[in-house]
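**Q** Once you've had a glance at the structure underneath, I'll fire off some questions.
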Ligand SMILES: Cc1ncc(COP(=O)(O)O)c(C=O)c1O
């Protein structure tokens with residue numbers, strides 16, 4: 001059997017693998033379309049469009065090394081908090097390879113150690129409420145576990161999130177991913193989608209807009225946004241909120257109001273910190289900026305320093321109390337694997353020793369200032385929002401609600417990303433048509449940050465050209 005797969009632009013991911021190291025066996029052009037005869041690897045459709053392949057052969061620090069000799073700044077890799085081949089991570093993994101194979105049912109000293117270190121390092125100061133941790137493999141899995149645990153505890157089925165959210169594509173996390181193009185099914189290139197059914201009734205709450213550029217003039221307060229949610233939450237098992245997706249970032253007032261409303265409704269509040277947790281927000285967790293504390297926190301992505309696939313569900317003391325006298329009938333063979341546990345311990349050590357959180361906070365100011373200045377110069381930019389080392393640049397163009405990725409046409413955001421490659425950086429899109437995001441390794445220097453922002457600046461000319469064409473077309477109609 002032979003697979004013909006679309007070669008997607010590897011710079012387009014709000015998720016993980018942005019550039020694949022797969023072997024490209026050949027290129028074929030048919031009726032103007034580039035198709036690639038590949039190995040037996042079935043790939044994800046990260047975005048619509050048809051772009052030249054990039055093949056990564058190595059990396060170091062904040063750089064990818066490509067097969068053709070180029071070195072590109074890795075500008076949007078939420079899974080790679082410490083960049084590529086951080087020596088402490090490499091050493092930790094090397095040592096961990098020399099350990100026994102234990103499944104989640106076995107007690108493993110390294111797992112106990114990672115749990116203790118996570119709680120005593122990242123949750124330092126949170127002792128009043130933090131209870132216990134369970135490890136797993138991906139952010140999607142962590143969210144599925146947290147959501148199904150909430151259903152079991154409350155004996156309710158419905159679940160709530162905010163609009164434009166992404167919580168993963170596994171189990172219940174897939175149902176709670178409400179960006180229209182991320183449904184876990186099939187986008188048909190000639191138009192249309194084959195979507196799997198949701199696994200639970202999904203309630204969608206309004207989202208705040210705290211953009212530093214392009215926020216609506218009369219942005220309502222959190223209380224106004226959430227004025228009518230009591231009815232929406234009344235039968236929900238959980239309310240899950242993340243702090244980046246769709247370019248919607250942390251808003252302390254919104255968080256506190258939502259926490260209150262969820263508690264009043266008996267809905268378990270899950271903070272999805274898969275992207276923001278473990279340092280990217282400039283503190284260990286985004287939720288720490290406000291008064292309220294979640295019932296459950298989910299972590300993933302950077303937690304293993306990019307060196308292992310690992311995630312976690314952290315529950316409050318109150319949830320631990322509710323679990324007494326019960327066993328959580330949920331199991332995964334490779335969860336808590338010795339290599340993943342070693343990666344967590346090493347990551348926590350590096351973040352502390354290298355004072356990564358202060359560095360992120362300092363760079364947040366650099367990104368905010370420069371992005372504002374860039375936005376003002378590029379008429380195609382509609383909105384800029386962000387926190388720490390995660391920033392979204394949203395472009396003028398079709399409404400995100402109408403985007404289903406069911407086309408071969410290259411979205412404008414992908415064209416910006418392609419143009420940015422010329423200036424030496426890989427910039428991701430969220431899979432949305434008009435949205436780009438920056439999430440470089442937390443070890444990026446100020447000079448490298450300016451290079452990355454310069455590449456974005458260069459890439460945005462592609463969006464300006466498109467914007468100009470659209471305005472001209474509108475003027476003649
Ligand atoms: C907020 C959020 N939650 C959960 C996930 C899922 O994580 P993973 O892709 O590791 O399963 C993602 C992935 O992008 C995410 O952005």
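Read-outs throughout are calculated quantities, based only on the coordinates presented, and are distinct from any laboratory measurement. Everything numeric in this text was worked out from a predicted model, so none of it was measured. Don't worry about glycine lacking a Cβ; one is built from the backbone with ideal geometry, like all the others, and counts go over all protein chains shown.
**Q** Take peptides 63-69, 80-86 and line them up by average Cβ neighbours within 10 Å, highest first, as a rough protection proxy.
**A** So the peptides 63-69, 80-86, ranked by packing, come out 80-86, 63-69.
**Q** Over all directions, the average projected area of the alpha-carbon convex hull for region 126-209 comes to how many nm²? Please report the intermediate quantities before stating the final value.
**A** On the way: hull surface 30.9 nm².
Its average projected convex-hull area is 7.7 nm².
**Q** In what sequence do 453, 42 fall when counting other Cβ within 10 Å, fewest first?
**A** On the way: 453 23, 42 8.
Fewest-to-most ranking of 453, 42: 42, 453.
**Q** Could you calculate the contour length gain from residue 227 to residue 288, that is, 0.36 nm times the residue separation minus the distance between their Cα atoms, to one decimal place in nm? Before the final figure, lay out the partial values.
**A** On the way: separation 61, 0.36 × 61 = 21.96 nm, distance 2.36 nm.
Gain on extension, residue 227 to residue 288, equals 19.6 nm.
**Q** Using 0.36 nm per residue, how much length does the chain from residue 44 to residue 67 gain when fully extended, once their Cα-Cα distance is taken away? Don't jump to the answer; show the numbers that get you there.
**A** Values: separation 23, 0.36 × 23 = 8.28 nm, distance 2.17 nm.
Extending this stretch completely gives an extra 6.1 nm.
**Q** Sorted from fewest to most neighbouring beta carbons within 10 Å, what does the list 181, 450 look like?
**A** Numbers: 181 20, 450 13.
Ordered by Cβ neighbours within 10 Å, fewest first: 450, 181.
**Q** Also, I was wondering about something else. Evaluate the relative contact order of the chain (contact order divided by residue number), counting alpha-carbon pairs under 8 angstrom at least 6 apart; express in whole percent. It would help to have the intermediate numbers written out before the result.
**A** Numbers: 1064 pairs, mean separation 103.4, N = 477.
Rounded, it is 22 percent for the chain.
**Q** Based solely on its DSSP helices, what 222 nm [θ] is calculated for the chain when runs of n ≥ 4 H residues each add -39,500 (n - 2.57) and the sum is averaged over all residues, nearest 500 deg cm²/dmol?
**A** Details: 12 runs with 150 residues, N = 477.
Only helices count here, giving -10000 deg cm²/dmol.
**Q** Kindly give Rg over Rh for region 258-297, based on alpha-carbon atoms, with the Kirkwood expression for the hydrodynamic radius. Show your work: numbers first, answer last.
**A** Working: Rg = 10.7 Å, Rh = 10.6 Å.
We get a ratio of 1.01 for region 258-297.
**Q** Using only alpha-carbon positions, what ratio does the radius of gyration of the chain give when scaled by 2.2 N^0.38 Å? Can you show the working numbers first?
**A** Details: Rg = 21.8 Å, N = 477, 2.2 N^0.38 = 22.9 Å.
Taking the Cα Rg and dividing by 2.2 N^0.38 Å, one obtains 0.95.
**Q** Based on the Cβ-Cβ distance from residue 132 to residue 101, what FRET efficiency comes out when R0 is 25 Å, to the nearest 0.05? Write down the numbers at each step before the final one.
**A** Details: r = 24 Å, r/R0 = 0.98.
Efficiency, from the Cβ-Cβ distance: 0.55.
**Q** Say R0 is 30 Å: what FRET efficiency, to the nearest 0.05, do residue 55 and residue 407 get from their beta-carbon distance? Intermediate results must be reported in sequence, preceding the final value.
**A** Numbers: r = 25 Å, r/R0 = 0.85.
Given R0 = 30 Å and the Cβ-Cβ separation, E is 0.75.
**Q** Any idea how far the Cα center of region 154-222 sits from the one of region 95-111, in Å?
**A** Centre-to-centre (Cα) distance: 36 Å.
**Q** Could you sort 352-365, 276-289, 310-323 so that the peptide with the highest average Cβ count within 10 Å comes first and the rest follow in order?
**A** Values: 352-365: 15.4, 276-289: 24.5, 310-323: 20.6.
By packing density, highest mean first, the sequence is 276-289, 310-323, 352-365.
**Q** Between residue 215 and residue 318, what's the calculated FRET efficiency when r is the beta-carbon distance and R0 is 22 Å? Round to 0.05. Intermediate values should be presented prior to the final figure.
**A** Details: r = 35 Å, r/R0 = 1.61.
That gives a FRET efficiency of 0.05.
**Q** Hey, any idea what the orientation-averaged projected area of the convex hull of region 87-353's Cα atoms comes to, in nm²? Present the calculation step by step, with values, prior to reporting the outcome.
**A** Numbers: hull surface 64.4 nm².
The number I arrive at for region 87-353 is 16.1 nm².
**Q** Could you please tell me the mean projected area of the C-alpha convex hull for region 52-101, averaged over all directions and given in square nanometres to one decimal?
**A** On the way: hull surface 19.3 nm².
Result: a mean projected hull area of 4.8 nm².
**Q** In addition: So how do 117, 409 line up by other beta-carbon neighbours within 10 Å, fewest first? Present the calculation step by step, with values, prior to reporting the outcome.
**A** Working: 117 18, 409 11.
By the 10 Å Cβ count, ascending, the order reads 409, 117.
**Q** Follow-up question, since we're still on this one. Give me the one-decimal nm value for the distance between modelled label points at residue 471 and residue 373, 7 Å along each residue's Cα-to-Cβ direction.
**A** Spacing of the two 7 Å Cα→Cβ label points: 2.3 nm.
**Q** Still on this structure: Counting C-alpha atoms alone, how compact is region 301-447: give Rg to one decimal and Dmax as a whole number, in angstrom.
**A** My reading of the Cα-based Rg and Dmax gives 20.1, 61 Å.
**Q** Another question, then. Quick one: what Rg and Dmax do you get for region 179-331 from the alpha carbons, in Å?
**A** According to the Cα coordinates of region 179-331, Rg and Dmax are 17.3, 54 Å.
**Q** Let me ask something else about it. Quick one: Cα centre-to-centre distance for region 337-390 and region 258-299, in angstrom?
**A** With region 337-390 and region 258-299 each reduced to a Cα centre, they are spaced 18 Å.
**Q** Quick one: grab Rg to one decimal and Dmax as a whole number for region 385-477, Cα atoms only, in Å.
**A** Cα-based Rg and Dmax for region 385-477 come out at 14.2, 50 Å.
**Q** Let me ask something else about it. Two-decimal Rg/Rh of region 39-131 from alpha-carbon positions, Kirkwood Rh?
**A** Working: Rg = 19.1 Å, Rh = 17.5 Å.
Ratio of gyration radius to Kirkwood radius for region 39-131: 1.09.
**Q** With both bridge residues required to lie in region 207-326, what share of the DSSP beta bridges run antiparallel, to the nearest 5%? Could the numbers behind the result be given before it?
**A** Values: 4 of 12 bridges.
DSSP beta bridges in region 207-326 are roughly 35 percent antiparallel.
**Q** Next question, about the same structure. Normalising by the residue count of region 285-346, find the relative contact order in percent from Cα pairs under 8 Å and 6+ residues apart. Before the final figure, lay out the partial values.
**A** Working: 50 pairs, mean separation 21.6, N = 62.
It rounds to 35 percent for region 285-346.
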